[in-house]
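Peer 1: Quick one: structure below, then a few questions.
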Amino acid sequence: MAIEREFLFTEQDFKILGQLVTEHAGIIVTPEKFDMFYSRLGRRLRLLGLTTFEAYCDVLKADQGGEFPSFINAITTNLTSFFRENHHFEFLATLLPILLKTNAASRRIRIWSAGCSTGEEPYSLAMTVKQVIPKNLPWDIKILATDIDSNVLAAAAEGNYKMDRITGISNAQKSKWFKKGVGANRGMVSVSQELKDMIHFKRLNLMDQQWPMKGPFDVIFCRNVIIYFDKTTKETLVKRYVDLLAEQGHLCVGHSESLHRLSIKLKLIGNTIYQKS
């Protein structure tokens, strides 16, 4: 029995949209994403007053009214949490004292959260840094947080979360780094300005030919991102990360990601933790 849909959505429409996502964001679109595309993009059709996906494809191909960023925002998946895959943050906590010695001449530490989504990852990185490094130490420590989705970046920069988003954080960290909302913001918490000051949020498409940052980064977190790319794109992307890593710098990837079949100058030193070699 055919599913009755509000909008006409053909396999050809899906093919065109999938090709646009792959060309622009490098994400490989598989057939099982058909219903997800319909659900997420149906909202865009309603907003634009369109009646078919064919018409929406025409808008994207002409990029009328700057629809393309909203299209990419709707399709990209943003699933995250504070201290997700916590072993990476535990590793960072052990690495930071070493960096205080190796970077003593520059007194500089740089960390990049690539694919930062709504901000839980970079704020977790900042909390880890603050936990390990003395508050009054005169060092230049910064975290770059990037994502292709401008909407989640805006939410990340605001740093406001529902109370249930911080259930996995210790009570000590909650009281130190989060402020409970009152009135209209009851049930919400906001991240402290001290953590925000360490982080620079910036929109970045990892498929762009030129990246504005020059590095070097001591640590790059790119977790649950490269899983969406084909082997050639993964290898190209990881090589660019390696070029931006400091000597002996580290790259952390997601729990379901592996780099062992790629021709890159990284060695596996821990659970989804790689070091520049």
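Readers should treat all values here as calculations from the given coordinates under stated rules, not as data from a laboratory. In this text the structure is predicted, and so the values were computed from the model without any measurement. Note that each Cβ is placed from the backbone with ideal geometry, even for glycine, and that neighbours are counted across all protein chains shown.
Peer 1: When the label point is put 7 Å from the Cα of Gln12 along its Cα-to-beta-carbon vector, which residues of segment 43-59 have a backbone N closer than 14 Å?
Peer 2: From segment 43-59, the list is 53-58.
Peer 1: Here's something else I'd like to know. Between 0 and 90 degrees, rounded to the nearest ten: what's the tilt of helix 231-244 against the longest Cα principal axis of the chain?
Peer 2: Around 30 degrees separate the two axes.
Peer 1: In percent, what relative contact order does the chain have, based on Cα pairs under 8 Å that are 6 or more apart in sequence?
Peer 2: 17
Peer 1: Can I ask one more? Straight distance only, please: which aspartates and glutamates reach the Cα of Lys180 with their own Cα at less than 13 Å, same-chain residues fewer than 8 apart left out?
Peer 2: Asp164
Peer 1: For a protection proxy built on the mean count of beta-carbon atoms within 10 angstrom, sort 246-255, 95-104, 179-188, 52-61 highest first, please.
Peer 2: Ranking, from highest mean packing down: 246-255, 52-61, 95-104, 179-188.
Peer 1: Same structure, new question: Could you line up Thr128, Thr233, Thr51 from fewest to most neighbouring Cβ atoms inside 10 Å?
Peer 2: Thr51, Thr233, Thr128
Peer 1: Follow-up. Name the residues whose placed amide hydrogens come within less than 5 Å of the amide hydrogen of Met198, ignoring near sequence neighbours (fewer than 5 apart) on the same chain.
Peer 2: Result for Met198 returns nothing.
Peer 1: What angle do you read, to the nearest 10 degrees and between 0 and 90, between the alpha-carbon axis of helix 53-62 and the longest principal axis of the chain?
Peer 2: 60
Peer 1: Under a cut-off of 18 Å between alpha-carbon atoms, report the aspartates and glutamates in cross-link reach of Lys239, not counting same-chain residues fewer than 8 places apart.
Peer 2: Asp208, Asp218, Asp230, Glu247, Glu257
Peer 1: Only counting other Cβ atoms within 10 Å, I'd like Phe37, Phe68 sorted with the fewest neighbours first.
Peer 2: In order of increasing Cβ crowding within 10 Å: Phe68, Phe37.
Peer 1: Please give the calculated 222 nm ellipticity per residue for the chain, where each DSSP H segment of at least 4 residues contributes -39500 (n - 2.57) and the sum is spread over every residue; nearest 500 deg cm²/dmol?
Peer 2: -12000 deg cm²/dmol
Peer 1: Where in segment 233-258 is the amide nitrogen less than 18 Å from a point lying 7 Å along the Cα-to-Cβ axis of Ile28?
Peer 2: Zone members listed by number: 233-239, 254-258.
Peer 1: Right, here's the next one. Give me the three principal axis extents of segment 11-75 from the C-alpha atoms, as integers in angstrom, largest value leading.
Peer 2: 28, 21, 19
Peer 1: Enumerate the calculated ³J(HN,Hα) couplings along segment 172-180 in order (Karplus 6.51 cos²θ - 1.76 cosθ + 1.60, θ = phi - 60°), each rounded to whole Hz, writing x wherever the residue is Gly or Pro.
Peer 2: 5, 5, 4, 5, 7, 10, 10, 10, 6
Peer 1: Using the eigenvalues of the Cα gyration tensor, what equivalent ellipsoid semi-axes result for the chain when each is taken as the square root of five times the eigenvalue, whole Å, largest first?
Peer 2: 36, 24, 16
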